[in-house]
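Participant: Sharing a structure with you now.
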Amino acid sequence: MQLRDTHCLVTGASRGIGAAIARALAAKGARLTLVARSSESLAGICRELGANALPADLADPEHTAGLIDRAEALGGPLGVLVNNAGIEVSTPFAATSAADVARIYAINLVAPVELCRQVVPRFVERGGRIVNVSSMAANAGFPGMSTYCSTKAGLSHFGRLLRYELQGTKVGLTTVEVGPVPTDMLSGLTYPPIADSFARLRRIGTMPNVSADDLAAAVAKAVERDRPHVWRPRRAVVFPMMTSLPQRIVEPLLRGVAR
């Protein structure tokens with residue numbers, strides 16, 4: 001896909017991975033509409049990149065409803081949807097409130113699925129690409145991250161199935177599964193079992209930190225080259241490959257079934 005002058009929507013774009021992806025797409029000449037809950041922080045990066053600002057709290061169904069319509073009213077027909085927004089709550093599950101559980105599932109899983117539902121019919125008609133930013137936590141869980149890991153597992157599996165369902169259409173889908181990225185969210189994971197788990201994996205070299213800028217460059221390249229996956233760090237690729245094996249076995253068995 002040619003990114004120059006393509007309208008791209010990026011959620012969770014005011015900081016961290018989302019801001020890095022927005023900058024990488026802008027460097028390729030894309031036109032951007034950026035979504036974040038805080039209109040104040042969103043305004044800064046929108047000024048920097050000449051992007052449209054679309055403040056929205058993706059935990060609120062009233063904000064997600066019609067969001068693709070509003071984005072296209074601002075910047076014209078979309079060519080790329082990047083579902084990046086995500087949150088984590090650094091507490092043991094037994095101490096997690098009902099409100100926190102509802103919010104993390106809404107933002108990490110329900111909102112990206114809903115935005116895909118809104119955009120897929122348009123992309124089937126004219127072409128486009130969806131990028132779902134998941135996590136290596138979708139494949140290997142950590143103590144203290146039950147809710148986060150399960151939402152990312154759901155997002156990754158949804159992406160695998162949707163890609164299969166849309167084979168033969170004009171819609172491409174890239175799933176991004178990434179290890180720890182030094183961001184505000186990562187620094188906020190202070191619950192000791194989580195911090196100790198990450199420290200151990202870094203110490204044995206299994207899951208080193210990933211640069212947000214390097215990840216963003218890989219995402220932009222995947223969109224340009226129609227790649228189905230971005231896996232970082234590369235040394236951890238065995239985890240998503242093992243997790244996706246059942247789906248890859250089933251797909252040949254279902255060839256010829258109408259979709």
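Participant: I need the full set of residues from the range 23-45 which are closer than 21 Å to residue 218 by Cβ and either in contact (Cβ under 8 Å) with a residue 60 or more places away in the chain or surrounded by fewer than 15 Cβ atoms within 10 Å (Cβ to Cβ) (or both), in order please.
Facilitator: If the condition is that a residue be closer than 21 Å to residue 218 by Cβ and either in contact (Cβ under 8 Å) with a residue 60 or more places away in the chain or surrounded by fewer than 15 Cβ atoms within 10 Å (Cβ to Cβ) (or both), then 23, 24, 25, 27, 28, 29 are the ones that fit.
Participant: Would you pick out the residues in the range 228-239 that are over 15 Å from the mean Cα position of the chain (by Cα) and either surrounded by 15 or more Cβ atoms within 10 Å (Cβ to Cβ) or on the phi > 0 side of the Ramachandran plot (or both)?
Facilitator: Result: 233, 236, 239.
Participant: Listed residues 86, 29; which is out of contact with any helix residue (DSSP H, G or I) (no Cβ under 9 Å at 6 or more places or on another chain) and part of a loop (DSSP other than H, G, I, E, B)?
Facilitator: 29
Participant: Can we say residue 223 is touching a residue at least 12 places away in the same chain (Cβ under 8 Å), in a loop (DSSP other than H, G, I, E, B), open to solvent by less than 30 Å² (accessible area, probe 1.4 Å) and at negative phi? Spell out the reasoning first.
Facilitator: Values: touching a residue at least 12 places away in the same chain (Cβ under 8 Å): yes; in a loop (DSSP other than H, G, I, E, B): no; open to solvent by less than 30 Å² (accessible area, probe 1.4 Å): yes; at negative phi: yes.
No.
Participant: Could you pull out the residue among 158, 123 that is in contact with a strand residue (DSSP E or B) (Cβ under 6 Å, 6 or more places away or on another chain) and not polar (S, T, N, Q)?
Facilitator: 123
Participant: For the range 108-137, which positions are under 12 Å from the mean Cα position of the chain (by Cα) and small (Gly, Ala, Ser)?
Facilitator: Matches in the range 108-137: 111, 134, 135.
Participant: Let me ask something else. In the range 38-83, how many residues are outside any helix (DSSP H, G or I) and in contact with a Pro (Cβ under 6 Å, 6 or more places away or on another chain)? Break it down into steps so the answer makes sense when it comes.
Facilitator: Here is the first cut: in the range 38-83, the residues outside any helix (DSSP H, G or I) are 38, 50-60, 65-66, 76-83.
Those still in the list that are in contact with a Pro (Cβ under 6 Å, 6 or more places away or on another chain) too: 83.
Number satisfying all stated conditions: 1.
The values are calculated or read from the model by the stated rules, or taken from the named source; none is laboratory data. As the structure is a computational prediction, the values presented were derived from the model and not from experiment. Positions of Cβ are backbone-derived with ideal geometry, glycine not excepted, and every protein chain shown enters the neighbour counts. Just so you know, the surface numbers come from the protein's heavy atoms only, side chains and all, with ligands and any DNA or RNA stripped out. Shrake-Rupley method; radii C 1.70, N 1.55, O 1.52, S 1.80 Å.
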